[in-house]
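The values are calculated or read from the model by the stated rules, or taken from the named source; none is laboratory data. Keep in mind that what you see is a predicted model, and the values were worked out from it rather than measured. Reconstructed Cβ throughout: ideal geometry from the backbone, glycine too, with neighbour counts over all protein chains shown. Surface areas here come from the heavy atoms of the whole protein model, side chains and all, with no ligands, DNA or RNA. Shrake-Rupley method; radii C 1.70, N 1.55, O 1.52, S 1.80 Å.
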Amino acid sequence: MEQFTKKLLGLPELASVHGDDVDKLIVYVHYLMIVLFIGWTGYFFYAIWRFRRGRNPKADYVGVTSHASSYLELAVAAVEVILLVGFAVPLWARVVDKFPSEKDAQLIRVTAQQFAWSARYPGADGKFGKQDIKLVTPSNPLGLLQLDEKLKLEDPDGKDDVNLPANAEFAVPLGKPVIASVTSLDVIHSFKVLAFRVTQDAIPGMRIPIHFVATKTNTYQINCAQLCGVGHSNMKGILKVLAPAEFDAWLKSKAGASVNFE
């Protein structure tokens, strides 16, 4: 029944571990809405018939004395509390608070800008290179020490970082936790991958982490879920889920790529 409802609702392909809980919550909420729609529609027609003019030629100023409607409202409230406390809150806690260990996860820093996505990956040491706001320029908007000829020797952690240019394809490994830290260079954007059931606003001056585990190898579209300017509809990216060995080879092939934020 649940799978039929998902198909009926037209939910997009699911490709993450936590996404199944998201879909279940969506399905259960729709079940509640269907019951409410049928119930209140039936009550509406019953009230039209029960209190029609032919049956009540003279107004009754006492009205209905039954408390059935109050009990129904309490039942609806109880179901809503169950959905909130039993499903929504635990799901939120797992997604927001229970992050995987960074040692066991693939780290990515995703940067949004009008109207493209770019990403950074740490090298083999698992550490990102340093950034300094004093180094921010049009050609180095992230303030990377590795892009400064005088300071890059002071940043050994950043020497092996993989910096993908704007509009380059991203990749993540299959079955491994991914922690993506999202930020923006200009206005508020929103990083959204439907198949992973993840959405996170990209806010200038903030680095906000999200996490997921991909369950299917495929190519997925990154969308911007915030109206961010005249080119908003064209702000799309490509994210590939690769088998672990393929991902390692892909990441190695991107090492040393030149950074371009334009």
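From the list Thr65, Thr41, the one residue that fits, being exposed (fewer than 10 other Cβ atoms within 10 Å of the Cβ) and not acidic (Asp, Glu), is Thr65.
Residues checked against (1) over 26 Å from His18 (Cβ atoms); (2) touching a strand residue (DSSP E or B) at 6+ places or on another chain (Cβ under 8 Å):
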{"residue": "His30", "(1), (2)": "no, no"}
{"residue": "Ile48", "(1), (2)": "yes, no"}
{"residue": "Phe51", "(1), (2)": "yes, no"}
{"residue": "Ala59", "(1), (2)": "yes, no"}
{"residue": "Ala78", "(1), (2)": "yes, no"}
{"residue": "Val89", "(1), (2)": "no, no"}
{"residue": "Phe99", "(1), (2)": "no, yes"}
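Remark: pairs (first residue in region 42-58, farther than 15 Å from Ser69 by Cα; second residue part of a loop (DSSP other than H, G, I, E, B) and among the acidic types (Asp, Glu); Cβ separation under 9 Å; 6+ apart in sequence or on different chains) = Phe51/Asp60.
Okay, residues lined up against (1) out of contact with any helix residue (DSSP H, G or I) (no Cβ under 6 Å at 6 or more places or on another chain); (2) open to solvent by 100 Å² or more (accessible area, probe 1.4 Å); (3) modelled with pLDDT under 80:
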site: Trp49; (1), (2), (3): yes, yes, no
site: Arg55; (1), (2), (3): yes, yes, yes
site: Ser69; (1), (2), (3): yes, no, yes
site: Glu73; (1), (2), (3): yes, yes, no
site: Val76; (1), (2), (3): yes, no, no
site: Val81; (1), (2), (3): yes, no, no
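Scanning region 114-159 for residues that are among the acidic types (Asp, Glu) and assigned to a helix (DSSP H, G or I) gives Glu154, Asp157. Criterion applied to Gly143, Gly126 was being open to solvent by less than 50 Å² (accessible area, probe 1.4 Å) and in contact (Cβ under 8 Å) with a residue 24 or more places away in the chain, and the one residue passing it is Gly126. Screening region 191-207 for residues that are under 9 Å from the mean Cα position of the chain (by Cα) and in contact (Cβ under 8 Å) with a residue 40 or more places away in the chain and picking the one that is nearest to Ala225 (Cα to Cα) gives Phe191.
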